[in-house]
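J.: Have a look at the structure that comes next, please.
Taken together, the values in this text are just the output of simple stated rules run on the coordinates, not laboratory data. These figures come from a predicted structure and were not determined experimentally. For neighbour counting, all protein chains shown are included, and Cβ atoms are generated from backbone atoms with ideal geometry for every residue, glycine included.
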Amino acid sequence: MLDNFKALILNQQGENFSREVKSISKSFLKHGDVVVKVDYSDLNYKDALILNNGAKLVKEFPHIPGIDFSGTVLESESPKFKKDDEVILTGWRVGEIYFGGYSQLAKVNSDYLVKKPKNISSKQAMILGTAGLTALLCSFAIKAREEILLGEKIKDVLVTGASGGVGSIAVMILSKFGYDVTAVTGKVENEKYLKSLGAKNIINKADLDKDPRPLDKGLWDGVVDTVGGKILANALSQTRDNGIVAACGNASDYKLHTTVMPFIIRGVKLWGINSVTASIKRREFVWNEVKNLIDFDKLEQSIKTINLEELLDIYPKMLKGETSGRYIIDLNK
Ligand SMILES: NC(=O)c1ccc[n+]([C@@H]2O[C@H](COP(=O)([O-])OP(=O)(O)OC[C@H]3O[C@@H](n4cnc5c(N)ncnc54)[C@H](OP(=O)(O)O)[C@@H]3O)[C@@H](O)[C@H]2O)c1
């Protein structure tokens, strides 16, 4: 079955990169012990960078990009998976150093796959993708305060970069946990959307994009930060006693200038989140919580489903900041 199938091939000749959707055969796939018939992939900013020029992440060409996918196992040499298992892949440098999900067939290491919970669809898994997994990991890091600190309840939570993929899903999850979520955004026009996801209050990002005081008025029991830089430094200064700040991104700045004061005076915990190599156990735990925490009807308002050919037109727009919402790639479209 599917001896020939469609894939997006990225190639390099000298300084020039080319991208082409073409028919290839299974012998083209080289890594891994499980062959998956891919249903959906998605478009992350990292994918757009890779499609542009490999982003110094791709080491060999020709290459198949696509850092996430969902689908059904066709063949498995691994005892962990059998034909017809429905699976999810995000991260592990698939789509970078290994062939990825912009292909009707993908061959990957079985250690990287998670079984898809039965109560979500293959499409819903990619509506979340890496952004959703990261938002889940961040949100559970905040919630851990209640477990680690034995019952210290959380009330007020801040989410930065709130209209982004990670931020918007974190707003939804944290409000489902019952917390009062304040969303930081540079796009005031998104206020209604962020409130529909569960945000109680909105702050303009300019209010936090300033030099921080060592300690500011304590406002937050938890923070999910997707932007880094001064906004993260201010969030740390405004975190209350024993609060947890989950930092996952650098959409504003990769640098962080802060002081030890939030840590030694208030016991604030700065918790780094890396979804790329998160353990399978942790992934399985959070994917199985999705049904309770994600309202897909609300997220679907901002989803566009495209095919591989359309992806070639869309990714340059993402690099120019001209896209909004999430793009899902239907490999059968
Ligand atoms: N650690 C991990 O495992 C992991 C996984 C996935 C993503 N990430 C990182 O997390 C970050 C967010 O990812 P994403 O997929 O949510 O990206 P995204 O959809 O592009 O969203 C980023 C959001 O950040 C805000 N933003 C952008 N530029 C900004 C600036 N200069 N100053 C302040 N805010 C700014 C914007 O929010 P508003 O429009 O609301 O202002 C934007 O929507 C990225 O840095 C990404 O690399 C990390």
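J.: Shape call for the chain from the C-alpha gyration tensor, a ≥ b ≥ c root eigenvalues: rounded (a/c under 1.5), prolate (a/b greater than b/c) or oblate?
T.: It comes out prolate by the Cα gyration axes.
J.: For the stretch 22-44 and the stretch 135-180, what is the centre-to-centre distance using only Cα atoms, to the nearest Å?
T.: The two parts, judged by their Cα centres, are 34 Å apart.
J.: Sort V159, V94, V184 by Cβ crowding within 10 Å, fewest neighbours at the top.
T.: V94, V184, V159
J.: Give, as a single signed number, the net charge of other residues whose beta carbon lies under 14 Å from the beta carbon of T277, with Lys and Arg counted +1 and Asp and Glu -1.
T.: Surrounding charge for T277 is +2.
J.: Just to be sure I understand the model, the point goes 7 Å from the Cα along the line to the Cβ. What's the resulting F296 to L219 distance in nm?
T.: About 3.6 nm, to one decimal.
J.: What does the charge dipole of the chain about its Cα centre add up to, to the nearest 20 debye, if the Cβ of each Lys and Arg holds +1 and the Cβ of each Asp and Glu holds -1?
T.: Charge dipole, the chain, about its Cα centre: 360 debye, nearest 20.
J.: So which of K192/K230; K291/K333; K46/K80; K26/K56; K195/K255; K116/K187 end up more than 32 Å apart, counting from Cα to Cα? Write down the numbers at each step before the final one.
T.: Working: K192/K230 26 Å; K291/K333 26 Å; K46/K80 29 Å; K26/K56 26 Å; K195/K255 30 Å; K116/K187 34 Å.
With Cα atoms farther than 32 Å apart: K116/K187.
J.: Continuing with the same structure: Name the shape class, rounded, prolate or oblate, that the alpha-carbon gyration tensor gives for the stretch 131-272, where a ≥ b ≥ c are the square roots of its eigenvalues, rounded holds for a/c under 1.5, and otherwise prolate holds if a/b is larger than b/c and oblate otherwise.
T.: Working: a/c = 1.57, a/b = 1.13, b/c = 1.39.
Taking the square roots of the gyration eigenvalues as a ≥ b ≥ c, the stretch 131-272 is oblate.
J.: Please state the charge dipole magnitude for the stretch 131-272, taken about the Cα centre, from unit charges on C-beta atoms (+1 on K and R, -1 on D and E), reported in debye and rounded to the nearest 20.
T.: So the magnitude is around 80 debye.
J.: Let me ask something additional. With the Cα gyration tensor of the stretch 17-95 giving a ≥ b ≥ c as the square roots of its eigenvalues, does the rule (a/c under 1.5 for rounded; else a/b larger than b/c for prolate; else oblate) give rounded, prolate or oblate? Walk me through the intermediate numbers first.
T.: Working: a/c = 2.03, a/b = 1.67, b/c = 1.22.
It comes out prolate by the Cα gyration axes.
J.: Related question: Loop only per DSSP, at most 14 neighbouring Cβ atoms within 10 Å: give me the trypsin sites (Lys or Arg not before Pro) in the stretch 106-175, ordered by residue number. Working shown, then result.
T.: Details: sites: K107, K115, K118, K123, K143, R145, K153, K155; in loops: K118, K153, K155.
Here the trypsin sites (Lys or Arg not before Pro) that fit, given the DSSP loop and packing criteria, are K118, K153, K155.
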